[in-house]
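Worksheet: one structure, shown below.
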Amino acid sequence: MIDETDRHIVNALQDEFPLASRPFAIKARELGIDEDDLISRVARLRASGVVTRFGPFLNAENFGGGFCLCAMAVPQDKWATAVDIVNAQPEVAHNYRREHRLNMWFVLAVEDRDEIANVARRIEATTGLAVLLFPKEREYFLDMRVSA
Amino acid sequence: MSGRERSLDALDRAILEATQAGLPIVPEPYKAIAERVGVSEVEVLARLQAMLDRSVVRRIGFAPNHYKLGLTCNGMTVWDVDDEKVDALGEMVGALDFVTHCYRRPRHLPDWPYNLFAMAHGRTRAEVLEKRTRIVELLGAACRSSDILFSTEILKKTGMRLARRAREEASCSD
């Protein structure tokens with residue numbers, strides 16, 4: 001369980017983590033808690049999986065890379081194998097199961113955007129299932145921060 | 001793609017590689033990274049600031065697990081919107097306070113007629129469906145059909161990993 005202080009921390013640390021020698025001390029002051037307390041809470045939030053990542057988030061498009069949303073229709077009897085194969089690809093940044101005929105949705109993140117098609121073909125060849133590509137044609141809004 | 005292609009040099013890559021598993025959760029995390037990479041803390045801070053300035057790094061902070069925050073319902077709402085109107089309407093859908101991302105993507109006819117994707121989060125399915133009705137109202141007659149795909153499981157969530165090249169360079173600098 002996370003308490004009220006943890007929720008404040010999650011809200012305060014979703015972006016703009018300070019670039020300074022003692023960043024936790026700066027944030028702790030803003031939150032009105034001790035640096036030690038903040039550090040132990042952040043460690044606990046990471047360990048318990050409330051925070052899945054903590055650090056710099058890359059914008060691959062700004063160094064020649066790219067992202068692509070992909071979907072597959074995986075039959076039940078091939079599900080476990082398909083999960084293993086897709087998750088084993090280092091290019092798969094995240095993968096969700098969704099309720100639809102297209103039941104597996106994952107995002108490829110590559111350093112060279114020409115690699116997207118190759119990775120998709122590799123997954124198709126290994127799983128024997130079609131991979132549909134849903135590249136972003138236009139971004140209207142992106143802000144993954146949520147209120148904890 | 002607009003603008004000049006930017007690239008990462010060996011030190012940028014080494015710093016990013018050293019932070020991929022996460023910033024060290026210690027009082028001086030950048031100093032710890034600097035020691036790992038073999039440069040000064042000042043250099044690490046300057047490099048990260050420069051990568052933020054040119055948007056190679058989007059942000060530095062947490063990625064929360066929505067499920068563990070009680071936001072257990074994540075509905076990918078998808079819409080078949082008139083091509084003439086999708087950009088203007090997409091901007092409006094993206095501006096709704098509960099939408100965390102909103103994109104135009106290609107259709108895959110005949111099975112997948114949807115070109116507008118908007119992600120909505122909530123504590124219950126009812127809450128997400130209620131939010132979805134606001135998009136229905138906004139799109140009006142420009143929307144021919146729609147669907148919502150609830151997620152039932154996070155299968156993987158690691159974020160982007162730099163590929164082999166990064167690991168080789170990082171190991172050279174060890």
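Placing unit charges on each Cβ (+1 for Lys and Arg, -1 for Asp and Glu) gives region B:38-143 a dipole about its Cα centre, and among B:A50, B:H121, B:S40 the Cα reaching farthest toward its positive end belongs to B:S40.
Of the trypsin sites (Lys or Arg not before Pro) in region B:1-104, the ones in a loop by DSSP (not H, G, I, E or B) with at most 15 other beta carbons within 10 Å are B:R4, B:R6, B:R54, B:K85.
Which shape class, rounded, prolate or oblate, goes with region B:10-63 when its Cα gyration tensor gives a ≥ b ≥ c as root eigenvalues, a/c under 1.5 marks rounded, and past that a/b bigger than b/c marks prolate? Since a/c reaches 1.5 but b/c is at least a/b, the shape of region B:10-63 is classed as oblate. Summarising the amide proton neighbourhood of A:F134: residues at separation of 5 or more, or on other chains, whose placed amide H is nearer than 5 Å comprise A:L69, A:C70, A:A71. What's the average, rounded to a whole number, of partner chain beta-carbon atoms within 10 Å of each residue's beta-carbon in A:131-137? Mean partner shielding for this stretch: 5. Using DSSP loop states and a limit of at most 10 other Cβ atoms within 10 Å to flag GluC sites (Glu not before Pro), what is the longest stretch of chain B containing no flagged site? Segment B:85-174 is the longest. As a rough footprinting exposure proxy, the listed residues A:E99, A:E4 were ranked by other beta carbons within 10 Å of their own, and the order from fewest upward is A:E4, A:E99. Taking amide H as placed 1.01 Å from N in the peptide plane, A:R98 has its amide H under 5 Å from the amide H of A:M104, A:W105, B:T152, each at least 5 places away in sequence or on another chain. FRET efficiency for the B:T133 to B:I154 pair, using the beta carbon distance and R₀ = 25 Å, is estimated at 0.45. Once you have a ≥ b ≥ c as the square roots of the Cα gyration tensor eigenvalues for region B:1-102, tell me rounded if a/c is under 1.5, and otherwise prolate or oblate according to whether a/b is larger than b/c. Oblate, since a/c reaches 1.5 and b/c is not below a/b. Farthest towards the positive end of the charge dipole of the protein assembly as shown, among the residues A:A120, A:V74, B:S7, is the Cα of A:V74, using unit charges on the Cβ of Lys, Arg, Asp and Glu. Diffusion coefficient of region A:60-134 by Stokes-Einstein, Kirkwood radius over Cα pairs, 25 °C, 0.890 mPa s: 199 µm²/s. Ordered by the number of other Cβ atoms lying within 10 Å of each residue's own Cβ, fewest first, B:T133, A:T126 fall into the sequence B:T133, A:T126.
Remark: mean inter-chain Cβ contacts per residue of B:17-29 equal 5, using a 10 Å Cβ-Cβ cutoff to other protein chain atoms. With a ≥ b ≥ c taken as the square roots of the eigenvalues of the C-alpha gyration tensor of the protein assembly as shown, please select rounded if a/c is under 1.5 and otherwise prolate if a/b is larger than b/c or oblate if it is not? Here the protein assembly as shown falls in the prolate category. With a threshold of 27 Å on the Cα-Cα distance, the over-threshold entries among B:K85/B:K156; B:K85/B:K157; B:K68/B:K131 are B:K85/B:K156; B:K85/B:K157.
Counting only DSSP H runs of at least 4 residues, each contributing -39500 (n - 2.57), and dividing by the residue count of the protein assembly as shown, the helix-based mean residue ellipticity at 222 nm comes to -11000 deg cm²/dmol. Based on Cβ point charges of +1 for Lys and Arg and -1 for Asp and Glu, what charge dipole magnitude is obtained for the protein assembly as shown about its Cα centre, in debye rounded to the nearest 20? In debye, rounded to 20, the protein assembly as shown gives about 520. In terms of other Cβ atoms within 10 Å, A:C70, B:C143 run from fewest to most in the order B:C143, A:C70. Once Rh is set to the Kirkwood radius over Cα pairs, what Stokes-Einstein translational diffusion coefficient, in µm²/s, holds for chain A at a temperature of 10 °C and a viscosity of 1.306 mPa s? Using the Kirkwood radius from Cα pairs, D works out to 89 µm²/s.
Diagonalising the gyration tensor over the Cα atoms of chain B and scaling each eigenvalue by 5 before taking the square root yields semi-axes of 40, 20, 15 Å, largest first.
No lab work stands behind these numbers, since they all come straight from the coordinates. What you see is a predicted model, and the numbers here were worked out from it, not measured in a lab. Neighbour counts are summed over all protein chains in view; Cβ atoms, including those assigned to glycine, are modelled from backbone coordinates with ideal geometry.
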